[in-house]
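What follows is a set of notes on a single structure, which appears directly below.
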Amino acid sequence: MIGKMIDMAKSKEEMEKDSSPILAGGQEKYPYGLRIYLTHEELEKLGVDYSDWEVGATFHLFALAKVTSISQNETEDGANCNVSLQLTHLAGESEDAENREMKSGEADLGKHGYLRYGK
């Protein structure tokens, strides 16, 4: 079962002490390592119609990742841990399409690990 969705945005404190370079649009809200890029080929392989997408739209993504490395060390400031994950399997759908399914009563919530009670 999928766990609770957690917003990985940096806190105000993290933004203030962030030493990464500030990009043209300002400082990034989310850490760089959390961004993935899908080309036309990957989207086509997933069967995703992205022709009507706009910047800022939401895409519901499900992923399996293989742990490829784990490193831990102690510093003066405390313990540090890094985990490298290789995404191996993806599935997804447009959040807008999912919302249309919900309104029409056609949504198969079971495919997302949700149970549907009543109509």
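Residues in segment 69-85 that are over 19 Å from Arg35 (Cα atoms) and either in a strand (DSSP E or B) or modelled with pLDDT of 90 or more (or both): Ile70, Ser71, Gln72, Asn73, Glu74, Thr75, Glu76, Gly78, Ala79, Asn80, Cys81. Pairs are defined by a Cβ separation below 9 Å, a sequence spacing of at least 6 or placement on different chains, a first member in segment 3-18 that is within 10 Å of Lys29 (Cα to Cα), and a second member that is at pLDDT 85 or above and not in a loop (DSSP other than H, G, I, E, B); the pairs so defined are Met8/Leu34.
Evaluate the following for Glu54: is it in a strand (DSSP E or B), more than 15 Å from Glu42 (Cα to Cα) and either charged (D, E, K, R) or touching a Phe, Trp or Tyr at 6+ places or on another chain (Cβ under 7 Å) (or both)?
On the way: in a strand (DSSP E or B): no; more than 15 Å from Glu42 (Cα to Cα): yes; either charged (D, E, K, R) or touching a Phe, Trp or Tyr at 6+ places or on another chain (Cβ under 7 Å) (or both): yes.
Criteria not met by Glu54.
Out of the residues in segment 34-67 meeting the condition of being under 25 Å from Lys10 (Cα atoms) and exposed (fewer than 10 other Cβ atoms within 10 Å of the Cβ), tell me which one is modelled with the highest pLDDT. Selected residue: Val67. Can you find even one residue in segment 94-103 that is surrounded by 10 or more Cβ atoms within 10 Å (Cβ to Cβ), in a strand (DSSP E or B) and at pLDDT below 85? Yes, because at least one residue in segment 94-103 is surrounded by 10 or more Cβ atoms within 10 Å (Cβ to Cβ), in a strand (DSSP E or B) and at pLDDT below 85.
The values are calculated or read from the model by the stated rules, or taken from the named source; none is laboratory data. Just so you know, these numbers come straight off a predicted model, no measurement behind them. Here the Cβ is made from the backbone with ideal geometry for all residues, glycine too, and neighbour counts use every protein chain on show.
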